[in-house]
Structures are given as C-alpha cells and as structure tokens.
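Following: one structure in structure tokens, then a few remarks.
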Amino acid sequence: MSIIKIIGIGDDGKESLLPIYQKWIYESELLVGGERQLSFFEDYTKEKLVIKSGLSNLVETLKSINKKVVVLASGDPLFYGIGGYLSKKMEVEIYPNLSSVQLAYAKVGDSWHNADCISIHGRSMKGLAQRINGKDNVILLTDDINNPQAIAKYLLNFGMTEYRAFVAENLGSKEEKTGWYELEEMKDSTYSNLNVVILFRQKRAPFWTMGIPDHEFSQRKPDKGLITKKEVRVLSLMNMALKPTSIVWDIGTCTGSVGIEAGRIAKGGEVYAIEKNEKDLENCLENMKKFRVDMTVKHNKAPEGLEDFPNPDAVFIGGSGGELKKLLNICCNRLKQDGRIVLNAATIETLYEASQAFKEEGFKADITMAQISRSKPILHMNRFDALNPIYIITAYREEEDIEIE
C-alpha cells in the first residue's frame, strides 16, 4: 500500500492548491473527502469515497485497499482536522493549506499566537463560560448549532458583555464576509454555516480570587447559614486535589459555592451538582451566572440522580439527606483511580458514621477539625466570633499514600 497523501484545500477549491497537489489528486486512484471538498473535483473520473461518520471504519477501509489514495481536508488537516486522527493510525503525508483561523486573523490584521482556541464544532458549549472567562482573545470554531447567534446568547446569559466579536464567513470563497459585532447585535443576526468567531475583550471582567467571600453568594433568606464557609471551602477544595481537567461531583450543593469554585479551578473539566431543595437550587443557578461557571445541576435527593453523572475524579459532600452509608458506597465505587472524596461533617455522629463507612469500603480517611473564628467589631475594639466547628474528612483508597495538612 502506498503512503496516503492528505491535502488541505480552501473554500476557493482548486485555486487554493499548488499545481503539484492537483497533479497528485488526478493521478490518484481513490479520492476521499467530505461532500464539499469532493464537489470541487466533478471532473475526477476515478473512485470517490465520501467521509460521513465513523472514522474508525474509514481507517479499516483505507488499510484494506492497495491504491494511490488522496484525502482532501479543509484548510490545515492537523488543526482540528482529520489529519491528526489518520496520522496516528497509519502512515500518511500531510500537505496543509491555510487554516480558517489564519485567514480570519489576517482579516483582523492582528497576531494570534497568544489566542486561546476552543472548538465547539460537534461538541457541547457546556462549561465554555469558565474556560474563556478573563481571557483576552478567544477563537471559537463553530458548527450549525453552536453558531454565532447561539454563542452570543450563551455569553450574555453569563453577563460576559466585555467581549466584542469578529465573525468571518466563507473565508477564501466568493461568498466571503467578515464583520465586527456587539453580542446583542450578534444574537439577532444570521450567518453562513461556515464561520469562525473571534472574541476580543474590550474592558475589564469581574475577578474573584479563590475563597470567594460568603456574602457574594445568593443564599436562602432569612437563614443565610446554609453555605460552606469560605475558610472551610478553601480547605476542602485543597483536599480534593483538583486538576484542570477534573470531573467533580458536588452533592448537596445548596448555594453552589464549592462547585463554582471547583469549576474555576477545573476549567477544562466538568462539574456535576445535585440539590434537593428547590429554593437553594434557584440560588445556585443565580450564583453560576454571577461567577461564570457553567456546571450541570440536577434537582434531586442524592444518591438518586447520580447514575446520570460520569465517574468523578473528586467528590464533595456537603449534605447526605440521611442516606450517608448508601451515598458513600456509590461514591467509593464510582470514584476514579487516585480520586478524592471530601465530606464536611458538622456533628460527631456524622463523623463516626462516615469514618466507619469509609473503612468498610477499604478507603483511608484523614480528618481535619476546623475551628475558625472571625474578627467582629465591638464598640471601638474587636473580638472573635466563632463559626461552628467542622470536620473535614478526606477519603482515598488504602493503597494510596498522600499527606494532608
């Protein structure tokens, strides 16, 4: 079998190709590509194969034949393209064209080496808010569902009005169109399905450090105590050992404070939260918009509903709804290797029950008792006002050896 050539092609078709590339195409015995790429070669007289779905099947087909094969790809085949996949499966030669991003930035007249590129082509926008929040320059690769209108509505839902958008449509073709848009304008406009969106931050965005003050969160009134206090929250998040791509469960999320802070750390991961109280859930959704964290929230009483969540790297339990042993059994069995379960207990009874349950599951539990007092003015002086003591239980599999301060 001869080495497969993968050739990038622009929206202007044959005109975007070097003469040698065109020669290789017409000398090939099988031309592979999407319908749009193949339509540029109506005069090709040999066999054509349309790529629709199932790249693994395509690989098996290409491996089974002994012909000269050329695969056509849009722009740069290695930039969110088919080239990266095929090059890992077989021997190929790749000949890139200009990517849509290169062409778009050429229209803007700006460099893009410091830009953050995120593909939402064929993917969910879930979690996009925390991934782009605070970034100066973001490239979004779109599709017909995650289009400029949908992007604008999504960003406005999280109050991200500091961004202005540049939309480039049909780059390189006769239908090429580019322009600048405010988000309010972009959500009501129409665009070609072939487009790239670039977001430029025009003004400062809200900023919060880790350990967001308690009063910043919307909470149930009049009893505002149903929140994991800032100091305990930070200690719990530290013990969860989050990575940028962690999958996190927040059980009994209430205001969403832990899940929101986890989402701001694990920006490339996912946060799944569950809450039984409808009013608390409303506050959680409001806080998500304010702090720009797009996590999945379910109204249910754990452990019911957890079956729909993917296996976690970290679990935070702020409330168990009276079914702690059953809940911990599920969390321990679903937890990924090297994962952490952090449970906050306010009573000695919960501490004992959790410790015994973790032991039965073969997990080791490290316990920190947090006794925290905050200064409080009294006349022209200050005194300390004590918060309720909290037991922070961090559990992990026995074979692991970690040190928690």
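Suppose the chain between LYS177 and GLU15 were pulled fully straight at 0.36 nm per residue; how much longer would it get relative to their current alpha carbon spacing?
Extending this stretch completely gives an extra 56.5 nm.
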Quick tally, 1.4 Å probe accessible area for HIS380, HIS299, sorted with the most first, runs HIS380, HIS299
Applying the gyration tensor rule to the Cα atoms of region 263-405 (axes a ≥ b ≥ c; rounded if a/c under 1.5, else prolate if a/b exceeds b/c, else oblate), the class is oblate
Of all DSSP beta bridges in the chain, antiparallel share, percent nearest 5: 50 percent
Partner aspartates and glutamates whose C-alpha sits under 19 Å from that of LYS68, ignoring same-chain residues fewer than 8 away, are GLU27, GLU29, GLU42, ASP43, GLU47, GLU60, GLU91, GLU93
Top of PRO77, PRO389, PRO377 by mean-square fluctuation, Gaussian network on the chain, Cα under 10 Å: PRO377
Show me the GluC sites (Glu not before Pro) within region 133-209 that DSSP assigns to loop and that have at most 13 other Cβ atoms within 10 Å of their Cβ. GLU175
Counting only protein heavy atoms and using a 1.4 Å probe, what share of the accessible area of the chain belongs to carbon plus sulfur, as a whole percent? 49 percent
Checking the table LYS88/LYS135; LYS326/LYS359; LYS5/LYS63; LYS63/LYS89; LYS229/LYS376 against a 20 Å threshold on Cα-Cα, which pairs fail? LYS88/LYS135
Which Cα, out of VAL196, LEU226, ILE145, lies furthest along the positive dipole direction of the chain (beta carbon charges, K/R +1, D/E -1)? LEU226
Under a GNM of the chain (C-alpha, springs under 10 Å), which listed residue has the highest mean-square fluctuation: LYS88, LYS203, LYS243? LYS88
Per-residue HN-Hα couplings for region 377-385 [Karplus 6.51, -1.76, 1.60; θ = phi - 60°; Hz; x = Gly/Pro]: x, 9, 6, 9, 10, 10, 10, 9, 10
Would you work out the relative contact order for the chain, in percent, from Cα pairs under 8 angstrom that are 6 or more residues apart? 11 percent
Would you give the gap between the C-alpha center of region 332-405 and the C-alpha center of region 120-143, rounded to a whole Å? 35 Å
Region 69-197: antiparallel DSSP beta bridges as a percent of all, rounded to 5: 75 percent
Each label point is 7 Å from the Cα along the Cα-to-Cβ direction; what then is the distance between the points at LEU156 and ILE367, in nm? 5.3 nm
Counting residues in the chain as N, plug N into 2.2 N^0.38 Å and put the Cα Rg over that result. 1.24
When each of LYS243/LYS336; LYS230/LYS298; LYS221/LYS279; LYS153/LYS267; LYS243/LYS325 is checked by Cα-Cα distance, pairs over 18 Å: LYS230/LYS298; LYS153/LYS267; LYS243/LYS325
Would you mind listing how long region 1-71 runs along its three principal axes, going by Cα atoms, in whole Å with the largest first? 32, 24, 19
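At a Förster distance of 35 Å, what's the computed FRET efficiency of GLU360 paired with SER53, Cβ-Cβ distance as r, to 0.05?
Step by step, r from the Cβ atoms, then E = 0.15.
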Which shape class applies to region 88-139: rounded if a/c is under 1.5, otherwise prolate when a/b exceeds b/c and oblate if not, where a ≥ b ≥ c are the square roots of the Cα gyration tensor eigenvalues? oblate
Treating cross-link reach as a plain straight distance, find the aspartates and glutamates whose alpha-carbon is under 13 Å from the alpha-carbon of LYS107, omitting any fewer than eight places away in the same chain. GLU169, GLU176
Residue by residue through region 182-199, which ³J(HN,Hα) values in whole Hz follow from phi under the Karplus form 6.51 cos²θ - 1.76 cosθ + 1.60 (θ = phi - 60°), with glycine and proline marked x? 6, 4, 4, 6, 5, 5, 10, 9, 10, 9, 5, 5, 8, 8, 10, 10, 10, 9
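At 1.4 Å probe radius, can you tell me the per residue accessible area of the chain in Å²? Provide the component values of the computation, followed by the final result.
Values: 20410 Å² over 405 residues.
Value returned for the chain: 50 Å² of accessible area per residue.
The values are calculated or read from the model by the stated rules, or taken from the named source; none is laboratory data. The structure displayed is predicted, hence computed values, not measured ones. For neighbour counting, all protein chains shown are included, and Cβ atoms are generated from backbone atoms with ideal geometry for every residue, glycine included. For the accessible areas, the whole protein counts, side chains as well, though only heavy atoms, and no ligand, DNA or RNA atoms are used. Shrake-Rupley method; radii C 1.70, N 1.55, O 1.52, S 1.80 Å.
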